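Worksheet: the structure to be examined is printed underneath.
The values are calculated or read from the model by the stated rules, or taken from the named source; none is laboratory data. Quantities reported herein were computed from a predicted structural model and do not represent experimental measurements. Counting neighbours? That spans all protein chains shown, and the Cβs are built from the backbone with ideal geometry, glycine included.
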């Protein structure tokens, strides 16, 4: 959608979309807190929360209330400005990334469409590490600082593998726009299956994503057993809640990006999408439409959310299964396994594209 | 195969945990219970709060011999015996326990009193919830209230704890009729 007209109505609808998507992403947080506790309980032969509401569904509300009612402690000796800034820095980039994700086939299901949205999301994802590093530094606590250092080192070693696996997607689709990537997948099949070695890129991307969101088994930055609580040791009350929410928002955003890049986004059986048609001069002939109108757009959104939940479940599944990596194992894995593998994969995918040039 | 392909161990482990998760949700693998509503069955030989048994005709089994008090390593039991009135008997023997008190704060639930008892009067029952409950009218705010008196521990005839050994043997015999011969 290339509308750049800033009349009042389009501004209004833009605001409505922003609020709706912001609310949607934030609603995912309590759902995820509940889901995580239930799913991990399942994996540990337990029942999980079942006192508040049906199946314990009101548990996140109680958790949130408890966190907000707690005393907000600012320890002596902290760098106050950075100490207050860090939780915001954790939250804001995570939410900003939602701006370019195509939640559905129609233009009203996304906030905007940048033609370099892949780079934009990648940029915001790497900004998240600043929150952790600054929180650890500003806390003036040795455990926090250790967590921050680990997080920084982890980011550097994983972002590379992640970027290299992203390149294969861009090579296949020939675009940096998330919208176009999904539309291509809708017409040509999911990116995981488009080249024989694309599943390697997907695996590398997913592993790096777990590291990116600081989830088990790569939760070295918080490592309860070693570092008390890592970078958020000195945070309490709502500032801690901000880190907590940011972790879940990051999970949602990362799952959304993984779905968009590799698993076909909103595409699925029943969604009949007609891409926009252009004439030889590049002028728009017919705009992109979804056959059947808004019910089918919502069906696309449903597919997208279902795929996101598949990823989120996998997150929890991995957390319930694998023990935490040791610091040096993590670095070894990042630099000596993921980077060479994704480099080789770029080569393989490039060969495949050259061989089957007529497919692309 | 599992050793040679990198990542196979992770895949195997993930499969195992998923199997258990499904078993917990849809099968019978779940090992915790919703405690106040459900309780886990106690084993036959569980040692909980004491009970004082009666014979079928309602007479108390306790004859006030104080052997339980002598056996008690924590000195938690206090027994005072009195002569039975032949017209209005409390127990079948010469004497009965006029006072029978157990200090539950001293008791270590070792079961020596049960072993020492010549008539099977005192037994360690299945109740372990010696905390404030809505259905038990007991005030736990004072230490004095943890000294259980005879009336609190006496149970109706036939309500006693079954002999754990014979019970266990019955269970085994039910499963395998030849069990006693094998044993």
Check B:6, B:43 and return the single one that is at the interface with chain A (Cβ under 10 Å from one of its Cβ atoms), more than 30 Å from residue A:56 (Cβ to Cβ) and either free of Cβ contacts under 8 Å to residues at least 60 places away in the same chain or within 19 Å of the chain's Cα centre (by Cα) (or both).
B:6
Cross-chain or 6+ apart pairs with Cβ under 6 Å, the range A:38-58 first and on the phi < 0 side of the Ramachandran plot, then exposed (fewer than 15 other Cβ atoms within 10 Å of the Cβ):
A:42/B:25; A:46/B:32; A:47/B:32; A:52/A:62
Single match in B:80, B:56 (criterion: out of contact with any helix residue (DSSP H, G or I) (no Cβ under 9 Å at 6 or more places or on another chain), in a loop (DSSP other than H, G, I, E, B) and surrounded by fewer than 16 Cβ atoms within 10 Å (Cβ to Cβ))
B:56
Restricting attention to the range B:60-67, does a residue exist that is in contact with a strand residue (DSSP E or B) (Cβ under 8 Å, 6 or more places away or on another chain), away from chain A (no Cβ under 14 Å), at pLDDT 85 or above and not in a loop (DSSP other than H, G, I, E, B)?
yes
Looking at A:136, A:147, A:128, A:104 in this structure, which one is in contact with a strand residue (DSSP E or B) (Cβ under 9 Å, 6 or more places away or on another chain) and either in a helix (DSSP H, G or I) or under 26 Å from residue A:208 (Cα atoms) (or both)?
A:104
Condition broken by residue A:287, with the remaining ones in (1) under 25 Å from residue A:180 (Cβ atoms); (2) within 14 Å of chain B (Cβ to nearest Cβ) satisfied
(2)
Check the range B:74-83 and report whether any residue there is within 14 Å of chain A (Cβ to nearest Cβ), over 30 Å from residue B:105 (Cβ atoms), under 33 Å from the mean Cα position of the chain (by Cα) and at pLDDT 85 or above.
no
Would it be correct to say that residue A:331 is away from chain B (no Cβ under 14 Å) and farther than 25 Å from residue A:117 by Cα?
yes
Need at least 1 residues that are crowded, with 18+ Cβ neighbours inside 10 Å and in contact with a strand residue (DSSP E or B) (Cβ under 9 Å, 6 or more places away or on another chain) per element, so show me which strands (runs of 3 or more DSSP E) inside the range A:251-360 make the cut, counting only ones lying wholly within it.
A:272-274, A:289-291
